[in-house]
1. Mind counting the residues in the stretch 235-244 that are surrounded by fewer than 22 Cβ atoms within 10 Å (Cβ to Cβ), in contact with an Asp or Glu (Cβ under 9 Å, 6 or more places away or on another chain) and not charged (D, E, K, R)?
2. Give me the pairs: first residue in the stretch 92-121 and crowded, with 22+ Cβ neighbours inside 10 Å, second residue part of a helix (DSSP H, G or I) and among the small types (Gly, Ala, Ser), beta-carbon distance under 6 Å, and six or more apart or on different chains, which are they?
3. Output the number of residues of the stretch 209-225 satisfying the condition of being on the phi < 0 side of the Ramachandran plot, surrounded by 14 or more Cβ atoms within 10 Å (Cβ to Cβ) and of a type outside the set (A, V, I, L, M, F, W, C).
4. Do we find a residue being over 30 Å from LEU227 (Cβ atoms) and assigned to a helix (DSSP H, G or I) anywhere in the stretch 100-119?
5. Six or more apart or on different chains, Cβ under 9 Å: which pairs go from a residue in the stretch 1-28 that's farther than 16 Å from ASP109 by Cβ and in a strand (DSSP E or B) to one that's modelled with pLDDT under 95 and small (Gly, Ala, Ser)? Could you list them?
6. With the condition kept exactly as written, say whether any residue in the stretch 152-163 is closer than 29 Å to LEU96 by Cβ, part of a loop (DSSP other than H, G, I, E, B) and under 14 Å from the mean Cα position of the chain (by Cα).
Amino acid sequence: MIIAADIGNTNIKIGLFDKDRLVKSWRISTDVHRTSDEHGSILKQLFFAAGIDADSITGGIISSVIPQLNYTIMHMMEFYLDVIPIVVGAGIKTGLNVKYENPKELGSDRLINCVAAAKKYGAPFVLIDFGTATTFNVVNEKNEFVGGCITVGIKTAVKALANSTARLPEVELKPPQKVINASTVKAIQSGIVCGMAGQVEYIIKRIKKETGLPDLKVIATGGLSELVHEVNDSLFDIMDRELSLEGLNILYHLNSGGA
């Protein structure tokens, strides 16, 4: 089996793959102050609870948007699993033709999602990832990653509103029943979620116009995509929450000879 780690701003997703099959996955909170030994201890507990033998891990791969955690997780895999992981970065084989002006600027999270979507669903598509940031990523009919756009994430917007105002609370995110509300909490919930749905609808429309691809597949990933879907269930053609780990598994086999 191989271990895949997707290090995000909020969570680290960990998956174990036996060839193309996702055997087990976990999600732990991201903490830049946590040491490699602390990560190793958490992993040992997760393996023990799932009945996983560490000796069954023969390879690893890491995607990270937090550079200071790269070495920490690499060292953890080397010491606790005896594997030297592949790290997703510029120059890695992806199966996509990346047309970004500076490939080093392209977040590995965006890349791995598109790799998985291209294999599972085929190009062309726009992939929307609802995370700490909300990213729109376009792969055209030639299997070229041509770019996209980035906006604020839903939870990030909630936190920013609470932190930047004196009397507006940080609310729990729930799908709103209506736009007009007579309480502050519900007004924030409807404004944030319906606002994101409207933003997504507009950006999809612009992307289809700019690419000249009116039938472009719209793929959503990330747990918060469900909130937007409940507001407007016609926005997405496909919803798939496990793309990042699947993309890492694909990249591992592309760059390791399938070991």
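The values are calculated or read from the model by the stated rules, or taken from the named source; none is laboratory data. Because the structure is predicted, anything quoted here is derived from the model rather than measured. Quick reminder, even Gly has a Cβ in these numbers, built from the backbone with ideal geometry, and neighbours come from all protein chains shown.
1. The qualifying residues number 2.
2. Listed pairs, sorted by first residue: ILE112/SER244; ILE112/GLY247; ASN113/SER244; ASN113/GLY247; VAL115/GLY247; ALA116/GLY247.
3. Within the stretch 209-225, residues that are on the phi < 0 side of the Ramachandran plot, surrounded by 14 or more Cβ atoms within 10 Å (Cβ to Cβ) and of a type outside the set (A, V, I, L, M, F, W, C) number 4.
4. So far as the stretch 100-119 goes, yes, one or more of its residues are over 30 Å from LEU227 (Cβ atoms) and assigned to a helix (DSSP H, G or I).
5. ILE2/SER256; ILE2/ALA259
6. So the first thing to find is which residues in the stretch 152-163 are closer than 29 Å to LEU96 by Cβ, and the list is 152-156.
Then keep just the ones that are part of a loop (DSSP other than H, G, I, E, B); that gives 153.
Then keep just the ones that are under 14 Å from the mean Cα position of the chain (by Cα); that gives 153.
Within the stretch 152-163, one or more residues are closer than 29 Å to LEU96 by Cβ, part of a loop (DSSP other than H, G, I, E, B) and under 14 Å from the mean Cα position of the chain (by Cα).
Results for (1) free of Cβ contacts under 8 Å to residues at least 24 places away in the same chain; (2) in contact with a Phe, Trp or Tyr (Cβ under 8 Å, 6 or more places away or on another chain); (3) crowded, with 19+ Cβ neighbours inside 10 Å; (4) of a type outside the set (Lys, Arg), shown as yes or no for each residue.
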| position | (1), (2), (3), (4) |
| --- | --- |
| THR72 | no, no, yes, yes |
| HIS75 | no, no, no, yes |
| PHE79 | no, no, no, yes |
| ALA123 | yes, no, yes, yes |
